[in-house]
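The values are calculated or read from the model by the stated rules, or taken from the named source; none is laboratory data. Quick caveat: nothing in here was measured; it's all calculated off a predicted structure. A quick note on method: Cβ atoms are made from the backbone with ideal geometry, for glycine too, and the neighbour counts reach across all protein chains shown.
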């Protein structure tokens, strides 16, 4: 059933029934141009060498695979953390931002636009634009600007322009809408640097290509620690569109002895509507140019999402993640906001590592299901981002006003 998953998407940009290009006719030539440029970029040794140099010398790859001893004792098995939080800008997002920025420059584009929720992707794009001499305009929902004020400020410090989005619910989905409108109006000069494994073909493939280094390093580092030929029993990644999840999952897709767990935002609980549990509660449909799983009502209108984690407030899942759910290759879980804040605190107390609220979903799921995971030989958690960006949200949750106390 799962044969040749690593060969997807097919020539039509499909992962099984998911993916494709559901876009205005005006965008088809731009997407075809992007696909052709990406194939040239992949095979250009000079460009690839420069990208690898930036990844190593500028971003800080490879990231370590850390055996979390105290967390391991709590769960009852060996827990490894793939420390993407140690990268420059604080998350895995820089991998894709540097790659696509270089790709855009090779196409002669002078301007980058992007959407951002948690701010990590926007910061990564502004950072890549700064080092490569490009302009960066970042669309960010007004609600996300409020709860991610630090990252919004960092974007501006790096020369990026934060464009507030007040339409809709003022969150990630709405920022994507505005970025697409901008791109349609400025195709000749502008590259839309999509940050997650969503959107029309070839974007899911491009983002995965620049993120798959996470899984490649994980295999090499795990075998250095556990022995040649060894693989973890399970991998856990939290996600929305799925960039960090596909980054670590991809190299394991055809290694069926390794379980792949994808954790969604449970918000206030999935029995009601205050959540972002797309794979658990959603249906198939079209959003932002691709056929995917999404949250929608009986009329096909997109339902709002609710989670305290800005980066998980997207009402759809990328086509590759959608396909993996459809065929049963991934196990889908949730973590509620309360469980996530508790996991944030626990990670700090046990390991001295504050996780991004997105990452804390994976830790919460691990802790909640420790009886299940204790039966595994080893588990890798993709520690996709650092938690400083969320300190204001976390402190308020625990009843502390940082500005008044320190």
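Output the residues belonging to region 113-169 that are within 17 Å of the chain's Cα centre (by Cα), modelled with pLDDT under 95 and under 21 Å from residue 402 (Cβ atoms).
118, 119, 120, 144, 148, 151
Looking only at region 74-90, count every residue that is crowded, with 24+ Cβ neighbours inside 10 Å and either at pLDDT below 95 or closer than 20 Å to residue 379 by Cα (or both) and tell me the total.
5
Filter the helices (runs of 4 or more DSSP H) completely within region 323-406 down to those with at least 1 residues that are outside the structural domain of residue 197 (by TED's automatic domain parsing) and within 23 Å of the chain's Cα centre (by Cα).
Those helices (runs of 4 or more DSSP H) span 337-351, 357-368, 391-397.
Exactly one of these conditions fails for residue 336: (1) more than 21 Å from residue 151 (Cα to Cα); (2) touching a helix residue (DSSP H, G or I) at 6+ places or on another chain (Cβ under 7 Å). Give me its number.
(2)
Determine which member of the set 209, 220, 178 is in contact with a strand residue (DSSP E or B) (Cβ under 8 Å, 6 or more places away or on another chain) and in a helix (DSSP H, G or I).
The match here is 178.
From (1) closer than 18 Å to residue 214 by Cα; (2) in the same structural domain as residue 247 (by TED's automatic domain parsing); (3) touching a helix residue (DSSP H, G or I) at 6+ places or on another chain (Cβ under 6 Å), pick out the condition that doesn't hold for residue 84.
(3)
Restricting to region 305-322, name every residue that is assigned to a loop (DSSP other than H, G, I, E, B) and closer than 19 Å to residue 4 by Cα.
Across region 305-322, the qualifying residue is only 318.
Would you say residue 262 is touching a strand residue (DSSP E or B) at 6+ places or on another chain (Cβ under 7 Å) and either closer than 28 Å to residue 147 by Cβ or outside the structural domain of residue 103 (by TED's automatic domain parsing) (or both)?
yes
Would you be able to say whether some residue in region 15-32 is within 20 Å of residue 214 (Cβ to Cβ) and under 20 Å from the mean Cα position of the chain (by Cα)?
Yes, region 15-32 has at least one match.
I'd like the full set of residues that are in contact with a helix residue (DSSP H, G or I) (Cβ under 8 Å, 6 or more places away or on another chain) and either surrounded by fewer than 24 Cβ atoms within 10 Å (Cβ to Cβ) or assigned to a helix (DSSP H, G or I) (or both), limited to region 181-199.
Correct list: 183, 184, 187, 190.
Is it fair to say residue 262 is more than 16 Å from the chain's Cα centre (by Cα), in contact (Cβ under 8 Å) with a residue 12 or more places away in the chain and more than 21 Å from residue 174 (Cβ to Cβ)?
no
Go over the candidates 303, 313 one by one and state the one that is modelled with pLDDT under 95 and under 14 Å from residue 281 (Cβ atoms).
The match here is 303.
Restricting attention to region 92-115, does a residue exist that is under 20 Å from residue 379 (Cα atoms), surrounded by 22 or more Cβ atoms within 10 Å (Cβ to Cβ) and touching a helix residue (DSSP H, G or I) at 6+ places or on another chain (Cβ under 9 Å)?
Yes, because at least one residue in region 92-115 is under 20 Å from residue 379 (Cα atoms), surrounded by 22 or more Cβ atoms within 10 Å (Cβ to Cβ) and touching a helix residue (DSSP H, G or I) at 6+ places or on another chain (Cβ under 9 Å).
Residue-wise test of (1) farther than 25 Å from residue 22 by Cβ; (2) surrounded by fewer than 23 Cβ atoms within 10 Å (Cβ to Cβ).
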| residue | (1), (2) |
| --- | --- |
| 262 | no, no |
| 273 | yes, yes |
| 278 | no, no |
| 288 | no, no |
| 296 | no, yes |
| 301 | no, yes |
| 307 | yes, no |
| 316 | no, no |
| 329 | no, yes |
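Can you find a residue in region 49-59 that is modelled with pLDDT of 95 or more, over 23 Å from the mean Cα position of the chain (by Cα) and outside the structural domain of residue 348 (by TED's automatic domain parsing)?
yes
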